[in-house]
Structure formats: C-alpha cells, structure tokens
Amino acid sequence: MKIPVVPALLLLSWPLLAAPSLEPPKLRLDGSVQPLRYAAELTIVPDRDTFQGSIDIDVDVRTPSRIIWLNAVGLSIEEAGFRPAEGAPLPAKIAPGGDQFTGFSFDREISGKGALHVVYQGKISRNSSAGVFQLKEDRDWYVYSQFEPTDARRAFPCFDEPGFKVPWQMTLHVPKEDMAVSNTPVQSESAEPNGMKKVQFKATPPLPSYLVAFAAGRFDAVDAGRVGTTPVRVIVPRGKGAEAAYAVTAIPHLLKLLEDYFGIPFPYEKLDSVVMPVSDFAMENAGMITYAESTLLADPARETINHQRELTGTCAHEMAHQWFGDLVTTAWWNDTWLNEAFATWMERKIPGEWRPEWHLDVAAVNARVGAMRQDQLASARSIRQPIESNDDIANAFDDITYEKGAAVIEMFERWIGPEKFRSGVQLYLKQHAWGNATAADFEAAVSSVAGQDVAPVFSSFLDQPGVPEISVALKCGAKPVLELTQKRSLPVGSHAKPQTWQIPVCVAYEADGVVHHQCSVLAEAKADMELAEAQTCPAWLLPNDGESGYYQVAYEGDLLKQVLAGHAAHLNVAERVGVLGDVDLLVGAGETPAGVALALVPEFSQDPAPQVVQAAANIAGLLKTESVPGDLREKGSRFISREFGERAMALGWLAKPGDSEDTRLLRQKLVPFVASVGEQQTLIQEAEKLARGWLNKTQNVSPEMLGPLLEVAAQFGNRNLFNLLRTAAVQEHDHALRELLLAALGSFRDPQLAAASMDLLLSRDFDLRESFYPLLFGPLAYAETRDVPFTFVKQHLTTLLKRLPREVGEDYAAALPSVGANFCDAKRRDELDSFFRDRVKDYTGGPRALAQTLEGIDLCISERQALAPELTAFLNKY
Ligand SMILES: [Zn+2]
C-alpha cells in the first residue's frame, strides 16, 4: 500500500490572501479554504440523463469566514452543511457564484478543520465528452468521466484546480451487471436493492481533481499480466477483448521501459487502460487511463502498421504522465507545457527504445518542422503563458505546447547530454513526488545535474514565441570558424517583431577524415564558433547536429550543396529529412529560391528511405499551392507524376507478399500523393475500381491502404460512389472503418457532392463527434471545393451550434472559423472576418482561432505574391 499523507509542504505553500469575500472568485479560488480529503459517492446508471451524488470534503478553513466557495457547473444542490471539528453542525445556504462557482454560506463564521457535506444531482451528457457523459457501443451505454482541465466541477462541487492535491475516496452505485472502474482497486463490493450494487474503491494517493476518473458499463476486462507488482488490464466494451491484442503486448513493455527511465516504480496500485468509443482521445487519469477505441483497439485482421505506431506512441505519452503530471503535478495551468511537452517527447523516445526500426527520430523531426510552421505566425503564443481566463486554459492545449515543447526538450537533452538530462528528470520527480511543482523547479533540478544554470536558455524558448533562424557561414583561415547570425524566422509578409534567443547550437562536421560534434550557446545576435577539432576546412557541415535543435538553418555559400553531396550518405535519415524540411520552410520565408529547393526533388525522390521521399514530395507540393497560377497547376501535376510516378506505379495500390514495413509505408504515402496531387490517371482509375470492389465485398485491400484508396476514389468519384460510401458508413458498426468512410465522404472534389457530404452534418446518421472534422474540413483540401464549408456554415450556423458538442475543455464551435483556413484572397478574408468577428466571442478559444485563420490567409496572399513569379518561371521552363 502506498497512500502517503498530504505533504505538509504543499499545505504551507498557499499564501494566506485577503479575507475571503462574499463575492464569488473571478478565475481562481483564493486558497483561504484548503481541501484535505474527499469522499464522493455517485449513483450512475448508464442510459439515464442524470446521476445522484453526495460528497464529504474535509477542509481546513484558514481564514475565518461565513462562506466557502467551490467550483461547480450544472449541479443542482439538494442539501449542504458543515460539520466543524467541535460544536454543532451548521446548515449551509447556497450563494450563486456565476457559471463556475457555487458558494456555501453559514449564519456564523467558521474556521479551522471540519467537513463540508453536499448532496446534489448532476447531468450525464449524451452529446459532449466533458464532465460525466455516456457513449453507445452496439446496444449498450457506457458512462465515462473526463475532467481535464476544468470539468471535474461538472461531477462534484470541488476545489477544481491542479494545486489542490489530496486523497479521494470514490464509491459508485451501479447496476449489478455493470463493471465500475476508478483510479484505485476495488476495496469492497456489495449487493443493493433494485438490481444495484455498491462498489467502494480504495482511497487514492493525493490527486488533483482533474486526474480523478471513473467509468461504468458492461465492460470486459482483458488481463495483461503484471509488471513488478502492478496488475495491468485493458478494459473494453463488451465483446471487444480480441481487439486488444496489440495493446496487451505493448503496454507492459512500455511500463517496464518507463520505470527504468524514471528510476521510480509505477506510482499507483494498478494500471487500467479503459476504452471509450470515440475518436482521437486519451487521458492520463492516475491508474485509469482512458483511450479512444480507434487508438487502443483494432480488429487483428485489419490492424495496420500505423495503428501499432499510434497506439504505442499514445500509450507511452499517457503512461509517462503517470509520473510526470500525476505523481508530480504542475501547480497551475500556465505550466501545462511542462506536462504535455514532456509526455509528447516521451511518446517517441520510449517507443523508439522498444522499436528502433520505426525511426521515431524522423517522426520527431517532422513534428518539429510542423510546429515551426505554426510558430512562425505573428499570432503564435509562447509555450509558457500567464492564464487570465478559462479561454487561456483551453488554448494552452495546442501544438505549441505539445510539439514545440517536445522539440525544445529534445534540444535540451542533446545539449546537456541524455544521461545528465535523465538524472535531472529523476531528481525533479523525487523532490516533488505526490506534490506540485513549477517549471522553475524542473529547471533547477536540471541545472543542478548539468552543473550550469539552464534557466535563461530555457526561458528564451518558453517565454517568447517564434522560431530562431541561424544563418551559417564557414570561414576557413588558419582555424575554421563558423559565423553564426540569428534572427526570427518569418514567413514572407509577416509583421511579427524581431527578437533573439539563447540557442544551444550543436554542429557536426567532417574534417581531416573524421566526423566531429560540438555544441555551444549562441546568446548574441552574432557570434563566431571555432571548430575546435578541425585542422583543415571541413568537407561538409551539419549546423543542426541530429536535427534536434529548435532552429532553422540558412546555409550560406556552398554549405547546403556540400552537406547534401553524394546523396547525403553521411547523414542519417532524420538528418536528411531535417535538412530538406529546413529548405522547404526557408522557401516560405523567401530566403531560399523555390528553384533551388525544387532542384533537390529528382535526387531525393529516389532515396531508399520512405521518410526522405516524403520530404522531397513535400517540396514538390509547392507546385500545387495557391502560389502557382491556376493555368499552370496541371504542369505542376505533370512534374510530380514524372518525378514520383514510376516508383508509385511499381508499388501499386495493392500490397505484395513479403513487402517490408518500409515498402508498405512508402506505398501508403507515395501512391495516393501521385494519384491525388500528380493526378496520375492509371492510379486514379484503379482506385475507383478497387474502392467499388471493396464496397461490394469482392476485393481485398490491405488495411493501411484502405483509407488512402477510398479518399482518392472519392476525390474523382461521382454521385453513385457517394451514395455507396454513405450507405456503407451508416451501416458500419466498427469505429475505425466508419472513420475511414467518413474521411472519404469528406473528400469529394465535385462541389455538389461536397455540399451533399456537408448536409450529413445535419442528419442524424452520424454522431457529430465523429463526423464534424472529416466532413466539414475535408473539402478545404481542394481548390474546387474550398468555398463549400464556409457557405454551409453561413447557412446553417444556428442548427450547427445547437448540435455541436463541447469537447475536453474546448468548444467545437471554436473550430468553425477554420472553414476559411485555405482561403488566399482579401475578399474572402474580409467576409470570414465580418461573419465571425462578433460570433467567436461566444466560443471558448474562438477569438484566437479566428486570429490565426486570418493571419494564415494574409500570409498565403503574401507568399503567393512572393513565390508566383519564381514558380511560374520554373513551370514555364518545365
Ligand atoms: Zn498529455
């Protein structure tokens, strides 16, 4: 048993602020009342719309007061009172506290320790995935909770902030045939009248409210054995056990690797992985991680290599949180990055140890390049930001937090060295186990093992937005020297303000027949770096060694030519992908001529590594962007078809016996690219034929090719194919397959069919949580259908808003302005702005989403002006 007492330090760390006010708090509770322990008892019956709850909260009232404020949303309080440590109990009156708070007021002042008792009723939602909600699988309803960041208050009146970390004792009353799951093992179970049973769980170690979780329904439990003393199970909707085969293999492996990395055994008594029938979701509740069904389960006959990788990455992420996030919790949401960046970094690092052949270092480079595209925007936010509203809390869960954060951690690990960095992580976890910590605590732990203060370097990446660009020139005098100059990398036409960073720069170079590695911090706008080990001028130089630095490189003189000479055989796959990614980004910044970038395509389109071919394809994709005049896009397709077509044709749509994983990956990327972007007719026609064959069950298609195949067929398909896909999607019971069919339905390039797919959002055929993204945003990918989503939203906004769910702290409505994400002209930009400007204020996270969409349109317009002449010249010569 490991149920430690509440650490005294944590309790003392709350300042005693002004006397509690009878006014409700604005954003945060003031800390004048501290929770010590919760005991919650809920009656949950799947397929009902409400639940009954009662909660006892042991509190310490630090400043005498006549009122206790708690977070509560959508709860009807039926009864409440306070039991002081001494003296008679006091009934409480309810004081309204706006939409996030409820006050419990008393007719005399209370102080010191006591227990607040509340009886209430809450809602079990059928259309949202926040708070307590239910989902249907086959004929059964399953109830789940999802609380991060601010939805525990929909299940309990509570102190709903991560800094309040105390033990929770959960008791659930559920129908006797249901299984109830929570953070800890069951302590006792007993029958009750009316076909119910009472399930009492062991008290948890200290947990913040957002990590508390429960689920109830007719689940099956699949045993995945034990790792050390920890029992591991996968909890699936009834009858789905066989689909957990890969999860049951992967999870124990990952758990062992994580225990080794952290040097601390798994912190909780058991690890359950609970499946929810939704798409794209996972949550690191302590001891009870929840996952989307499509992430964790796969029919063994239809399991893809992508699914195995996604499953392994997502599990590693959520499991890493059990230490980094759960055992040690960030004190407030301004350090969400600390949690999410670290777990995102681990989702490639740990599976990479288990499956080195997956080349997850390449995935990390691609993720960095993707984050840089967002981070180049003037409206990009910094990783660490003050939180001033619930909007800010929701906004903190974005790609900047996850992917830029992960890339910055990767850079720091490289700079400090993996062993030292790991010691820093372990020290941080030991120092703050079971409590809360801040980024400063993490930096202090890493600094103490690194033997230098890393905080200023960290801070320059955490507290300001943007991507550093370093131009690198090599001067070969008596001793070779690099001249480094940094600035903020900006897309053409951007107006963001300039700035500098303290950048850990690591370089690799070959001199005198030996490859050397060297790191130093570039703290000024300009500095020289002497290549310490070089006697003669290097043959080649990689200014971002391992491509693990969060900076772009502008190569001066012949440096790019030299580093890519001889098919860049001296670079590993991740490095080749990184260099090509830099070139691609610098075209967008107007710093590398498009012609120079496109000249690299013929060579790297033939690379043996699928990831490098993909990077070359990304560069070739320039020829199909808005920057290419419409009448020349066909020539762009011809270029792509010529450079990549032969390999794509040889691969074909159908797998061949004995294909390696790399071949299968290459086929999956290259064949649809050449068909869709290169508009290669043979592949298009085959796609349609095979898709129809698959739909009428006369054709087998390998699982990883099915999605791309259906999408390409739909892109060039007619009304008849649309109807076939629609019928198949409505009838399909399997989530993963339904996802593929919905993605295909969102891919029609015929504007009338795109509009028809949009109408499905208004029908009751599909759950909006599944259909919203593929159907509404799919048509943005093609010039022919780019206007359809905005037209649809203008026509049907009221109906849509009524039906759209709130999801995990973020409003679906906030995504609506993204219907203009691929616009590239001033007129439509203004239409979008005037339509949404006032409306987005009502959507959580909406104003930022609109600002980013508008900035993206402006940049597209500037990029077109800058690149069109060059691309036109290139294609005219072609
Ligand atoms: Zn996470």
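Structure notes:
For every residue, the table says whether it meets (1) open to solvent by 10 Å² or more (accessible area, probe 1.4 Å); (2) away from the ligand (no atom under 14 Å from the Cβ); (3) farther than 21 Å from GLY845 by Cβ; (4) among the aromatic types (Phe, Trp, Tyr).
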site: GLY325; (1), (2), (3), (4): no, no, yes, no
site: ASP361; (1), (2), (3), (4): yes, yes, yes, no
site: ALA364; (1), (2), (3), (4): yes, yes, yes, no
site: PRO386; (1), (2), (3), (4): yes, yes, no, no
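- Residue ID - farthest from the ligand (Cβ to nearest atom), chosen from residues in region 398-422 that are of a type outside the set (Lys, Arg) and open to solvent by 50 Å² or more (accessible area, probe 1.4 Å): GLU419
- Enumeration of residues in region 502-555 that are open to solvent by less than 10 Å² (accessible area, probe 1.4 Å) and among the acidic types (Asp, Glu): ASP545, GLU547
- Number of residues in region 832-859 that are among the aromatic types (Phe, Trp, Tyr) and either in contact with a strand residue (DSSP E or B) (Cβ under 7 Å, 6 or more places away or on another chain) or modelled with pLDDT under 90 (or both) equals 1.
- Residue match in region 336-343 (condition: assigned to a helix (DSSP H, G or I), away from the ligand (no atom under 14 Å from the Cβ) and without any contact (Cβ under 8 Å) to a residue 60 or more places away in the chain): no
- Taking the criterion of being part of a loop (DSSP other than H, G, I, E, B) and of a type outside the set (A, V, I, L, M), the residues of region 538-553 that qualify are PRO538, PRO543, ASN544, SER548, GLY549, TYR550, TYR551.
- Matching residues, region 51-80, being surrounded by fewer than 17 Cβ atoms within 10 Å (Cβ to Cβ) and among the polar types (S, T, N, Q): GLN52, THR63, SER76
- Positions within region 718-731 being under 16 Å from SER757 (Cβ atoms) and without any contact (Cβ under 8 Å) to a residue 24 or more places away in the chain, in sequence order: ASN720, ASN723, THR727
- Some residue of region 455-469 being more than 17 Å from PHE324 (Cβ to Cβ), open to solvent by 20 Å² or more (accessible area, probe 1.4 Å), touching a residue at least 60 places away in the same chain (Cβ under 8 Å) and aromatic (Phe, Trp, Tyr): no
Each row is one residue, and each column tells you yes or no for (1) touching a Phe, Trp or Tyr at 6+ places or on another chain (Cβ under 7 Å); (2) open to solvent by less than 20 Å² (accessible area, probe 1.4 Å); (3) of a type in the set (S, T, N, Q).
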| position | (1), (2), (3) |
| --- | --- |
| LEU255 | yes, yes, no |
| PHE266 | no, yes, no |
| VAL278 | no, yes, no |
| ALA282 | yes, no, no |
| ASN285 | no, yes, yes |
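- Within region 550-587, the set of residues being over 22 Å from ARG373 (Cβ atoms) and among the acidic types (Asp, Glu) comprises GLU556, ASP558.
- When region 133-183 is filtered for residues that are of a type in the set (S, T, N, Q), buried (at least 24 other Cβ atoms within 10 Å of the Cβ) and not in a loop (DSSP other than H, G, I, E, B), the ones remaining, listed by number, are SER145, GLN146, SER182.
- Test: residue in region 727-750 that is farther than 18 Å from PRO789 by Cα, over 24 Å from the mean Cα position of the chain (by Cα) and either crowded, with 18+ Cβ neighbours inside 10 Å or of a type in the set (Gly, Ala, Ser) (or both): yes
- The condition (being open to solvent by less than 10 Å² (accessible area, probe 1.4 Å), more than 24 Å from PHE716 (Cα to Cα) and touching a Phe, Trp or Tyr at 6+ places or on another chain (Cβ under 9 Å)) is satisfied by just one residue among LEU775, LEU816: LEU816.
- Selection status of GLN611, in contact with a helix residue (DSSP H, G or I) (Cβ under 9 Å, 6 or more places away or on another chain), over 20 Å from THR485 (Cβ atoms) and open to solvent by 10 Å² or more (accessible area, probe 1.4 Å): yes
- Flag for LEU377 being more than 16 Å from the ligand (Cβ to nearest atom), modelled with pLDDT under 95 and either assigned to a helix (DSSP H, G or I) or more than 30 Å from GLN431 (Cα to Cα) (or both): yes
- When GLU259, GLU318, GLU269, GLU310 are checked against the criterion of being more than 21 Å from the chain's Cα centre (by Cα) and assigned to a helix (DSSP H, G or I), GLU259 stands alone in meeting it.
- Single condition THR314 does not satisfy, out of (1) in contact (Cβ under 8 Å) with a residue 60 or more places away in the chain; (2) more than 23 Å from SER660 (Cα to Cα); (3) within 16 Å of the ligand (Cβ to nearest atom): (1)
- In region 119-132, of all residues being in a strand (DSSP E or B) and within 17 Å of HIS173 (Cα to Cα), the one that is nearest to the chain's Cα centre (by Cα) corresponds to VAL132.
The values are calculated or read from the model by the stated rules, or taken from the named source; none is laboratory data. As the structure is a prediction and not an experimental result, all values here were calculated from the model. Please note: Cβ atoms are built from the backbone with ideal geometry, for glycine as well, and neighbour counts cover all protein chains shown. Heads up: the accessible areas ignore ligands, DNA and RNA and are worked out on the full protein's heavy atoms, side chains in. Shrake-Rupley method; radii C 1.70, N 1.55, O 1.52, S 1.80 Å.
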